[in-house]
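The values are calculated or read from the model by the stated rules, or taken from the named source; none is laboratory data. The structure displayed is predicted, hence computed values, not measured ones. All Cβ positions, glycine included, derive from the backbone under ideal geometry; neighbour counts span all protein chains shown. Ligands, DNA and RNA are stripped out before the accessible areas are found, and what is left, the full protein with its side chains, is counted by its heavy atoms. Shrake-Rupley method; radii C 1.70, N 1.55, O 1.52, S 1.80 Å.
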Amino acid sequence: MESWHIFDAAETLRRLRTDPSLGLGLDESRRRLEKEGPNALREARPVRPWRLFLGQFKSPLVTLLLAAALVAGLLGEWIDSIAIAVIVFLNALVGFIQEYHAEKAIAGLQRLTAPRARILRGGRDLQVPAAEVVPGDILLLEAGDLVAADARLLQAADLRVREAALTGESEAVAKDPAAVVNASTPLGDRVNLVFMGTAVTAGTGRAVVTVTGMNTEIGRIATLLETGADTATPLQRQLADFGTWILRASLALVALVFLLGLLRGQGAGPMFLVAVSMAVAAVPEGMPAVVTIALALGVRRMARRRALIRRLPAAETLGGTTVICTDKTGTLTRGEMAVRELYVAGAPFRVTATGVEPCGDAPHAGAYANALREQALVHLGSNNATLYREGTLWKASGDPTEAALLVSARKAAPGLPDEGAGGEVLREYPFDSDVKRHGVLRRLPDGRVRLLVNGAPDLLLDLCSRELGPDGPRPLTADDHRRILEANAAMAERALRVLGSAYRDFEGDFKDFAPGEALPTRAEAERDLVFAGLAGMQDPPRPEAAEAAARCREAGIHVVMITGDHPGTAAAIARELEIAGPGAEAVRGEDLDALDDEALRARVRDVRVFARVTAAHKLRIVNAWRAHGAVVAMTGDGVNDAPALKGADIGIAMGIAGTEVTKQAADLVLADDNFATIVSAVEEGRRVYFNIRKTLQYLLAGNAGELLVMIAALAAGLPLPLLPIHLLWINLITDGLPALVLAADKASPGLMRRGPRPSGEALVNKSFLWGLLGTGLLTAGTSLTAYLLVLQGGDVAAARSAAFDTLVLSEVFRALAYRNNEQPFWHAGFRELFPLLAVAAGVLALQAACHEIGFLKTVLHLRPWTGSSFLMVLGLSVIPLIVLESRKWIRNAGRA
């Protein structure tokens with residue numbers, strides 16, 4: 001791929017075989033279109049709903065459940081088979097609905113491309129569909145155009161192009177066709193090129209198209225999106241591993257039980273049924289549904305906090321985030337230029353209110369009011385931007401720099417009329433890259449003729465003979481000149497873009513000229529100016545970003561800025577937000593090019609600011625962090641952020657300022673574009689994870705109790721205490737309903753003052769296993785006790801009924817203990833406990849109904865309750881709750 005920015009205009013035209021005054025001929029343009037193909041991005045493959053739906057069945061645990069449903073059906077256990085199949089189907093349906101609108105990133109890219117282009121072809125000025133533009137065409141550009149293809153500039157008059165969506169830089173870039181830059185020059189500094197999908201904000205230009213379609217810079221981003229693979233979230237990986245472990249353990253258990261039975265002389269048919277029962281007991285049938293619903297509830301809560309989850313597992317991934325790689329422009333900052341400091345009449349002023357809104361704290365105090373007013377008149381009078389209301393919001397149109405000056409002028413001199421400087425524009429002296437200034441000659445409402453100039457302070461000062469003071473103009477001395485340059489340098493060191501302002505009131509020879517008379521040339525007009533002051537501009541940080549960054553630090557989350565903006569600006573914003581330390585500097589994209597992947601991995605943990613980076617750089621940085629085991633969230637709003645968003649563990653896009661590309665590549669969209677919303681979403685993500693973990697421990701402890709009951713009876717040569725339908729009822733109804741309440745529980749206090757869980761931490765670790773084994777022994781012991789007590793009477797069906805009832809009630813009471821692992825359940829208020837108490841009451845009522853309603857009593861093989869049998873079951877079933885709550889009391893007493 002040619003580096004077109006290293007060639008001058010003449011060499012570019014020679015290589016492309018194009019006449020700059022005529023453009024390509026019609027026949028030649030057709031030949032090139034056939035050779036190069038249309039100037040369009042490849043369409044993304046349409047998302048097929050059936051593929052998304054089938055993708056919900058990839059989990060090993062879901063596969064095991066489907067196999068269990070099939071085996072149960074083959075054995076004639078149709079109730080068991082249908083129940084398991086329905087649960088699996090509903091779980092898949094919830095996941096499918098959440099993900100249906102994903103995977104459309106490249107289709108969003110196409111919305112950024114220009115539908116039509118104005119070109120010079122065969123010597124004629126034509127409007128053609130952008131898809132028909134070919135390399136060698138001459139583009140004719142003016143304010144308001146979307147650039148149709150990547151092109152090398154030939155001519156430009158005050159041409160400025162907004163490239164934020166491509167490079168991340170909020171300020172419109174001044175283009176210079178005469179520039180020839182090095183091959184390693186970052187994309188944002190290639191001022192002799194224009195790029196497909198960027199917007200012309202001011203001026204006019206002429207450029208020769210160099211590449212089209214997928215060969216453009218936007219096309220390269222589209223290629224990264226095509227080749228980038230979606231990454232599984234930590235929870236998805238752990239659940240897949242756990243499902244595989246359950247699958248293997250269940251198969252081993254079936255084989256072991258079947259062989260033991262054969263060795264004891266049992267028939268193959270009955271033992272196969274027993275083995276299947278054991279497999280049913282081992283599998284937590286409600287787990288997929290509980291996990292999915294827990295995630296869905298987390299998604300709903302996040303939506304209420306302005307964070308919209310697009311992919312269900314991302315709700316949990318946020319809670320495990322250890323690194324947030326954030327774009328600067330529009331994410332940490334407002335995404336619009338604002339004047340932050342003024343220097344007028346030798347005094348500095350800070351503009352504290354930010355944003356496009358003509359109100360707020362204004363630096364117009366005391367003796368400097370007149371001087372500030374005069375500077376404001378320069379900013380207003382040499383300005384083509386406009387402010388307008390859209391509903392209750394103020395917005396600006398036009399060049400971002402001029403819009404910032406317009407807003408600042410309204411703050412500095414709030415009493416000025418709506419028309420600002422007013423009067424008639426007599427002549428405009430456009431911005432020129434050589435003189436680096438822009439001027440307007442106006443006849444003011446009072447009849448005076450005034451020249452108003454904004455430009456580079458150092459060059460502008462050389463044209464000034466006076467300086468504006470608190471009481472009006474005064475002679476500009478050498479000391480004044482040095483002082484102003486020092487103020488300019490101090491602003492620049494704070495990463496502010498500094499503009500100087502000056503004016504001249506004409507008297508005598510130019511005072512009374514009328515339109516149509518000879519107007520002064522630039523050289524005649526721009527002399528003996530009065531220096532009016534300095535304005536330091538910057539895309540300011542969002543007011544809430546500093547607090548959000550501090551909360552991330554408290555939560556143990558690293559924040560890394562990755563931006564296409566200037567290194568100095570990026571480092572200054574990072575230091576202001578305390579993302580980076582006082583002396584921190586930014587690592588540039590060209591520095592990354594000198595590092596291979598291994599060297600980048602070695603260095604990435606020590607860097608907090610990356611600047612002047614491309615889309616490929618951002619993706620490399622994300623991958624380097626992930627290579628260290630970090631769980632990485634990437635935020636952004638521009639096209640250049642999309643590949644990294646897709647490659648991160650979780651991609652976060654801005655909902656208002658974000659491009660369609662970025663939103664489609666993201667897992668989470670911030671509806672309010674507020675960096676602080678990410679912290680709220682992380683808190684919800686941690687809540688989801690801890691709720692899922694305690695719910696799984698609750699479910700698996702129940703499964704362990706069922707298994708131990710069955711294994712103990714089998715080892716003792718007793719009839720099976722539980723039937724397969726009992727096991728399925730407990731797993732889906734008795735355990736499932738309280739599990740749903742546990743999954744929706746409130747967050748524990750201090751959740752955001754803990755560090756993130758280790759990325760390699762297993763969902764099921766040793767403490768998890770010991771806890772569920774101990775609880776399983778408790779519940780198995782109570783159930784077996786009830787079984788043996790009743791079995792002494794010789795009625796196996798009654799003994800099974802007692803064992804089943806005891807296990808059911810134990811599970812319901814045990815849910816109260818699992819709600820909080822630290823405090824006794826009764827420490828919670830009634831409102832917090834009400835959902836769990838209501839579910840417990842409902843399950844108990846349903847269990848009582850099963851003993852009385854004929855159909856349920858027959859299906860579950862139950863005996864009616866008697867007073868003595870109920871009291872026995874009740875007394876045994878509260879033992880696990882008492883033991884678990886006593887353990888909390890002893891542990892808390894030891895800590896005290």
When we measure straight from the Cα of Lys328, which lysines land under 25 angstrom away, once same-chain ones fewer than 8 places off are left out? Lys104, Lys175, Lys395, Lys618, Lys646, Lys663
Compute the relative contact order of the range 513-654 as a whole-number percentage, counting only Cα pairs closer than 8 Å that sit 6 or more residues apart in sequence. 18
Which lysines, if any, have their Cα less than 18 Å from the Cα of Lys766, not counting same-chain residues under 8 positions apart? Lys694
Taking the dipole of the chain about the Cα centre (Lys, Arg +1; Asp, Glu -1; charges at Cβ), the one of Val883, Ile853, Ala580 that reaches farthest to the positive side is Ile853
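Restricting to the chain, compute how many DSSP beta bridges are antiparallel as a %, nearest 5.
75
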Across the Cα atoms of the range 759-896, what radius of gyration and what greatest pairwise Cα-Cα distance (Dmax) are found, in Å? 17.2, 55
What aspartates and glutamates could a cross-link reach from Lys746, if we take a straight Cα to Cα line under 19 Å and drop same-chain neighbours fewer than 8 places away? Glu316, Glu683, Glu684, Glu822, Glu832
Seen from all sides and averaged, what is the projected area of the convex hull of the Cα atoms in the chain, in nm²? 47.3
Considering amide H positions built from the backbone, and no H for Pro or chain starts, which residues 5 or more places from Gln823, or on another chain, come under 5 Å of its amide H? none
Kyte-Doolittle mean at least 0.0 and Cα extent at least 20 Å along the axis: which DSSP H helices of the chain qualify? 60-74, 78-99, 234-263, 268-282, 287-304, 675-715, 766-791, 796-818, 830-850
I want the local charge near Arg305. Using Cβ-Cβ distances under 11 Å, sum +1 for each Lys or Arg and -1 for each Asp or Glu among the other residues. +1
For the ranges 688-698, 138-148, what's the packing order if you count other beta-carbon atoms within 10 Å of each residue, average per peptide, and put the highest first? 688-698, 138-148
Can you give me the Cα centroid spacing of the range 766-834 and the range 582-599 in angstrom? 58
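For the chain, with all protein chains present and a 1.4 Å probe, just round the carbon and sulfur fraction of the accessible area to a whole percent.
57
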Amide H partners (placed H, <5 Å) of Cys325, local residues excluded: Val560, Ala633, Met634, Thr635
Lys/Arg +1, Asp/Glu -1 at C-beta; the chain dipole; positive extreme among Val873, Thr204, Ala653: Val873
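Below 8 Å between Cα atoms, with a sequence gap of 6+, how large is the relative contact order for the chain in percent? Don't jump to the answer; show the numbers that get you there.
Numbers: 1774 pairs, mean separation 116.7, N = 896.
This gives 13 percent for the chain.
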Can you tell me, using C-alpha contacts under 8 Å and at least 6 residues apart, the relative contact order of the range 611-758 as a whole percent? 15
Can you list residues whose amide H is under 5 Å from Asn192's amide H, if they're 5+ apart or on another chain and H is modeled 1.01 Å from N? Asp176
Okay, helix-only estimate at 222 nm for the chain: each DSSP H run of n ≥ 4 adds -39500 (n - 2.57), divide by all residues, round to 500 deg cm²/dmol; what do you get? -14500 deg cm²/dmol
Burial ranking of peptide ranges 795-808, 380-393 (average Cβ count within 10 Å, highest at the top): 795-808, 380-393
Got a sec? Charge dipole of the range 741-829, +1 on Cβ for Lys and Arg, -1 for Asp and Glu; which of Gly829, Thr785, Ala815 is way out at the positive end? Gly829
For the chain, the per residue accessible area (1.4 Å probe, Å²) is 41
